[in-house]
Amino acid sequence: MLLLAVDTATPAVTVALHDGSSVLAAESQVDARRHGELLLPAVDRVLAGAGLKLDAVTDVVVGVGPGPYTGLRVGLVTALTFGSALGVPVHGLCTLDGLAYASQLDEPFVVATDARRKEVYWARYADCRTRLSEPAVDRPADLADLAELAGLPAVGAGAVLYPGTFPDARGPEHQSAAALASLAAERLAAGADFLPPLPLYLRRPDAQVPKNYKVVTPK
């Protein structure tokens with residue numbers, strides 16, 4: 001087994017290789033505006049660091065979000081292209097689950113990432129492997145009054161950005177493909193199900209076709 005994991009649903013452009021037992025190589029760069037520019041060179045460096053070629057990959061793992069429209073699509077399209085070219089399966093995992101797994105917390109907690117527009121993507125967990133709620137997007141102020149979140153530790157950049165809502169912020173702040181790959185390896189070994197490699201947006205993209213635009217036709 002050789003898993004190639006990628007995730008661009010957050011500002012972190014992150015790639016890892018996992019052989020089913022351990023992470024062989026990994027790289028992450030935090031840059032919210034250069035996902036498309038950074039991802040493929042990162043894949044090349046990770047493969048080179050492990051001394052392997054792309055055709056050795058047996059499975060592709062991709063973070064499906066939730067995340068902003070443009071960045072999220074970069075990782076998904078790349079993963080699907082690799083899967084098609086190599087003839088290997090592409091497994092989707094919730095990006096929040098990767099952050100939860102990386103925390104290694106064995107107590108109830110929240111994962112919150114920056115959704116922009118003064119909102120966060122979030123979900124509640126029983127421990128680092130067990131998600132209790134579906135991913136959602138909300139304003140931090142609306143979460144502050146939820147009894148089920150009161151006093152819980154919080155992981156992710158969203159927790160760091162809004163300490164008033166998440167006073168017990170903990171690491172990691174950014175997504176790690178190494179954690180995503182390790183979680184995927186566990187699930188593959190257990191025969192667990194994966195998400196389809198489709199984007200989990202939770203809201204409409206920022207860029208939209210204007211409702212009242214003028215149509216110009218030749219005379």
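Structure values in brief
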item	result
For peptides 32-41, 187-196, sequence by mean Cβ density within 10 Å, most packed first	32-41, 187-196
Nearest-20 debye value, region 83-211 charge dipole, Cβ charges on Lys, Arg, Asp, Glu	520 debye
Karplus-derived 3J(HN,Hα), 6.51/-1.76/1.60, for each residue of region 112-122, Hz, glycine and proline x	9, 10, 6, 9, 6, 6, 6, 10, 10, 8, 8
Cα-based convex hull volume of region 103-203 per residue, rounded to whole Å³	105 Å³
Where only C-alpha atoms are counted, convex hull volume of region 1-104 per residue in Å³	88 Å³
For region 67-81, Karplus couplings with θ = phi - 60° (6.51, -1.76, 1.60), whole Hz, Gly/Pro x	x, x, 3, 5, x, 4, 5, 4, x, 5, 5, 5, 4, 5, 5
The chain, Cα convex hull volume normalised per residue, Å³	143 Å³
Cα shape, region 37-159, gyration tensor, a/c 1.5 rule	prolate
Mean residue ellipticity (222 nm) of the chain, computed from DSSP H runs ≥ 4 via -39,500 (n - 2.57), nearest 500	-9000 deg cm²/dmol
Between region 128-146 and region 1-79, the alpha-carbon center distance in angstrom	26 Å
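FYI, it's all coordinate maths here, none of it is from the lab. Just so we're clear, the structure is a prediction, and the values are computed from it rather than from any experiment. Cβ sites come from the backbone with ideal geometry, for glycine too, and all protein chains shown count toward neighbours.
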